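The values are calculated or read from the model by the stated rules, or taken from the named source; none is laboratory data. Values in this document were obtained by computation on a predicted structure and should not be read as measured data. Here the Cβ is made from the backbone with ideal geometry for all residues, glycine too, and neighbour counts use every protein chain on show. Side chains included, ligands, DNA and RNA excluded: accessible areas come from the protein's heavy atoms. Shrake-Rupley method; radii C 1.70, N 1.55, O 1.52, S 1.80 Å.
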Amino acid sequence: MTKILIIDDHQLFREGVKRILDFEETFEIVGEGDDGSQAIELYESHHPDVVLMDINMPNVNGVEATSQLVKKNPDAKVIVLSIHDDENYVSRALKSGALGYMLKEMDSEALIEAIKIVADGGSYLHPKVTVNLVNEFRRLAEAEFTGNFQQMEVRRPLHLLTKRECEVLQMLADGKSNRGIGEGLYISEKTVKNHVSNILQKMNVNDRTQAVVTAIKNGWVEVR
């Protein structure tokens, strides 16, 4: 079982998340709180595998709570939940030690997928957030190259990945979820997961975000 702790100051949102997760037989909600100040105590009482942490709370916000929690419990796996897709919020959350960042507009499949990936030791960013981070990477690259930056010629890493895996890597860079990749390539989500796993192994990276950043730096994907 994957034990989950929910910390969010909106009871209706917590109830909605619990209803979604109750459909997943391998998930168990072990506790909930309504403020970041409760995070450490609840974590040490319930020892959850994943913490879902709201970013905006009245006393101690999600970023501060995550930082405190991870500092005291380095193995804590936190997914920050937010209405903000701005890269500044994302960067703050990741710097605090969060392994995931999900927008509250997420669908149930994406939330379940994120929890499973983070519970297994990976990281997960909402597809819309991934696109924004890629755009920010491109903006910084343009500034670094004095405004004359142009997308380098894309050289697919066929020495490392299969043609299909290159297609999946490009769609990861486009911010597609597993479901979106499957629909785009007319393959099952299970097949997509297998491809993603193979890509991470072959690229020697830990998660999807690292794969995308590495691919951009090497000119293996289009930034669009």
Selection within segment 10-51 - aromatic (F, W, Y) and in contact with a strand residue (DSSP E or B) (Cβ under 9 Å, 6 or more places away or on another chain):
F13, F27, Y43
For segment 167-196, which positions are within 22 Å of M106 (Cβ to Cβ) and among the hydroxyl-bearing types (S, T, Y)?
S177, S188
Consider K3 against the criteria (1) closer than 22 Å to L125 by Cα; (2) at pLDDT 95 or above; (3) in contact with a Leu (Cβ under 9 Å, 6 or more places away or on another chain): it satisfies all of them except one. Which criterion is unmet?
(3)
Could you list, in sequence order, the residues of segment 180-195 that are in contact (Cβ under 8 Å) with a residue 24 or more places away in the chain and either farther than 18 Å from A211 by Cα or not in a helix (DSSP H, G or I) (or both)?
none
Look through E41, E25 and report the one residue that is of a type in the set (D, E), modelled with pLDDT under 95 and not in a helix (DSSP H, G or I).
E25
Output the number of the condition that Q201 fails; it satisfies all remaining conditions of (1) of a type outside the set (S, T, Y); (2) assigned to a helix (DSSP H, G or I); (3) crowded, with 20+ Cβ neighbours inside 10 Å.
(3)
Give all pairs with beta carbons closer than 7 Å in which a residue from segment 87-100 that is more than 16 Å from V50 (Cβ to Cβ) meets a residue that is open to solvent by 10 Å² or more (accessible area, probe 1.4 Å); count only pairs at least 6 apart in sequence or on separate chains.
E87/N132; E87/L133; E87/E136; V90/L133; R92/V63
